[in-house]
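Enquirer: Attaching a single structure in structure tokens format; questions to follow.
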Amino acid sequence: MTGPLIERVRERLAAEGAPLRPSVVAAAIRAESGGVLGDTEVLSSLRELQTELVGAGVLEPLLCAPGTTDVLVTAPDAVWVDDGTGLRRTSVRFADEAAVRRLAQRLALAAGRRLDEAQPWVDGHHTTLAVPSGGPLTVRLHAVLPPIAAAGTCVSLRVLRPATQDLDALRRAGAIADDAARLLAAIIAARLAFVVSGGTGAGKTTLLAALLGAVPDSERIVCVEDAAELAPRHPHLVNLVARAANVEGVGEVTVRDLVRQALRMRPDRIVIGEVRGAEVVDLLAALNTGHDGGAGTVHANSPAELPARFEALAALGGLGRAALHSQLAAAIQVVLHVTRDGSGRRRLGEIGLVRRDAEGVVGVLPCWRAETGLAGGAEELHRLLRSRGCA
């Protein structure tokens, strides 16, 4: 196949937004070649295009390796990986800048998006790659082309693996201390609403999934996610997954839309995989209408900064500061903050209690810290647990 024909087929597939099944690719080849190719030529072209359009190329071994969370490409000879112990540079190399660009466009195409001079970035779309060595693999894609990326095409891939570990597994791995594990079990049993906070890649989703696995089997959990990551070992789980708009700008289903739908599904617990926008307004409203034990994750540098983070998100939904603090105090009781230690290992770093002061402003009272154990707010947390019948 010629280069122009490959580009035309790529453009057609991106515009259609259909899954890259062999029949779809073959039909695109026939259409863009003007119907002059016979069956043999189409089959040969299909094999060539599958190499060009499907899979992750030289990044496949990194993406499929156990424990990989992120693969980052900043230059043809600069490929980085995070496998749970922090970023490290790998020996993987691309032939040149054009090879990096082709990979970025291939991944964008697999997600039903376009990436070219007119649209020089792709953000937050989820791509399922058919990788023979590891089976289907779902990644979150971000890519930027020059001249926006001044030094060359940049690709960032976050591997989305189902979070299936339970609390015992995390405790054995050293991610949760024994005394903290007992507190977590009591928080779940008491049906306290909580959020898991932390930085990117700190293990928020992993901890949330483990906690949901400890929810009694008799309770119905409805999870709303931007991407299907939560897979707790629970028999009554409903997953609702948001959908991005197609290349024509239609078909979008937002997390906020799904939170409203979740309220009508008779949930015992409503969970948002990650609170990152105006959906925080609907979550707080839901947790203030009799839905105890709800949960979610949110990016925050520390528990003390969580109220400010919620203020910023609530402003996107039109909720004022005073109303936000009032709803936050009534909706959420506990903050669980995850961090990485000096070696890059993920762990539960702090447990805090959400409290409102005399002026109506919400703060987080430390109850337990990984370095020192029980903190000043521990007794108040214990009183709250006892009031709900949990020691």
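Enquirer: Let me know the Kirkwood hydrodynamic radius for region 55-160, please, with Cα pairs as the basis and the value in Å to one decimal.
Expert: 13.6 Å
Enquirer: Right, next: Summing -39500 (n - 2.57) over the DSSP H runs of n ≥ 4 in the chain and dividing by its residue number, what mean residue ellipticity at 222 nm do you reach, to the nearest 500 deg cm²/dmol?
Expert: Theoretical 222 nm ellipticity from helices: -10500 deg cm²/dmol.
Enquirer: Between residue 358 and residue 380, what length in nm is gained on full extension when 0.36 nm per residue of separation is reduced by their alpha carbon distance?
Expert: Extending this stretch completely gives an extra 6.2 nm.
Enquirer: Another one. Please list, short to long, the whole-number percent of alpha-carbon pairs of region 209-312 in consecutive 5 angstrom bins beginning at zero.
Expert: Cα pair-distance distribution for region 209-312, in percent: 2, 12, 22, 22, 20, 13, 6, 2, 0.
Enquirer: Given a cut-off of under 8 Å on Cα pairs at least six residues apart, what relative contact order in percent is computed for the chain?
Expert: Relative contact order for the chain comes out at 12 percent.
Enquirer: Note the angle between two axes, namely the Cα long axis of helix 22-32 and the longest principal axis of the Cα atoms of the chain, as a number of degrees from 0 to 90, rounded to the nearest 10.
Expert: Roughly 50 degrees between the two axes.
Enquirer: What longest range of the chain stays clear of loop-exposed GluC sites (Glu not before Pro) (DSSP non-H/G/I/E/B, at most 13 other C-beta within 10 angstrom)?
Expert: The answer is 118-247.
Enquirer: Can you tell me how much longer the chain between residue 123 and residue 12 gets when fully stretched, taken as 0.36 nm per residue apart minus their C-alpha distance, in nm with one decimal?
Expert: Taking residue 123 through residue 12 to full extension adds about 37.9 nm, to one decimal.
Since every read-out is calculated from the coordinates, none of them should be taken as a lab result. Treat the numbers as computed from the prediction; the structure is a model and nothing was measured. Using ideal geometry, Cβ is built from the backbone for each residue, glycine included, and neighbour counts are taken over all protein chains shown.
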